[in-house]
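Participant: First the structure, then my questions, so here it is.
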Amino acid sequence: MNSINSITVMYEPTSTGFSAFVQGHPVYTTGATRDELAENIKEAWSLYRELDDSSIIPDMSFVRFVHE
């Protein structure tokens with residue numbers, strides 16, 4: 001995998017808090033609060049990147065996902 005400096009996290013409110021995914025990567029998670037969601041997405045990203053021994057957490061932009 002290539003070095004990634006930033007990622008976009010798409011999130012949406014749910015009946016139990018929030019769910020999120022990293023745009024363009026198979027990384028998904030949930031959290032009861034936005035703070036918990038942010039911590040969980042960092043952990044999910046770290047687990048995903050373990051595949052190439054990269055432990056660097058990139059800058060994250062959170063974008064609310066809106067269903068139309």
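Participant: Picking from Ser19, Ser55, which residue would you name as being modelled with pLDDT of 95 or more and outside any helix (DSSP H, G or I)?
Facilitator: After ruling out the rest, the residue left standing is Ser19.
Participant: Quick check on my filter: what residues within segment 1-15 are modelled with pLDDT under 95 and in a loop (DSSP other than H, G, I, E, B)?
Facilitator: If the condition is that a residue be modelled with pLDDT under 95 and in a loop (DSSP other than H, G, I, E, B), then Met1, Asn2, Ser3, Ile4, Asn5 are the ones that fit.
Participant: Given the conditions (1) loosely packed, with under 12 Cβ neighbours inside 10 Å; (2) of a type outside the set (Asp, Glu); (3) at pLDDT below 80; (4) in contact with a strand residue (DSSP E or B) (Cβ under 8 Å, 6 or more places away or on another chain), report the number of the one that Met60 does not fulfil.
Facilitator: Failed condition: (1).
Participant: On to the next question. Looking only at segment 1-23, how many residues end up being open to solvent by 80 Å² or more (accessible area, probe 1.4 Å) and of a type outside the set (S, T, N, Q)?
Facilitator: Here the count works out to 1.
Participant: Moving to a separate point now. Would you point out the residue of segment 25-49, among those that are part of a loop (DSSP other than H, G, I, E, B), open to solvent by 40 Å² or more (accessible area, probe 1.4 Å) and out of contact with any Ser or Thr (no Cβ under 8 Å at 6 or more places or on another chain), that is farthest from Asp59 (Cα to Cα)?
Facilitator: Here the answer is Thr33.
The values are calculated or read from the model by the stated rules, or taken from the named source; none is laboratory data. Not measured: the values here are computed from a predicted model. Quick reminder, even Gly has a Cβ in these numbers, built from the backbone with ideal geometry, and neighbours come from all protein chains shown. Heads up: the accessible areas ignore ligands, DNA and RNA and are worked out on the full protein's heavy atoms, side chains in. Shrake-Rupley method; radii C 1.70, N 1.55, O 1.52, S 1.80 Å.
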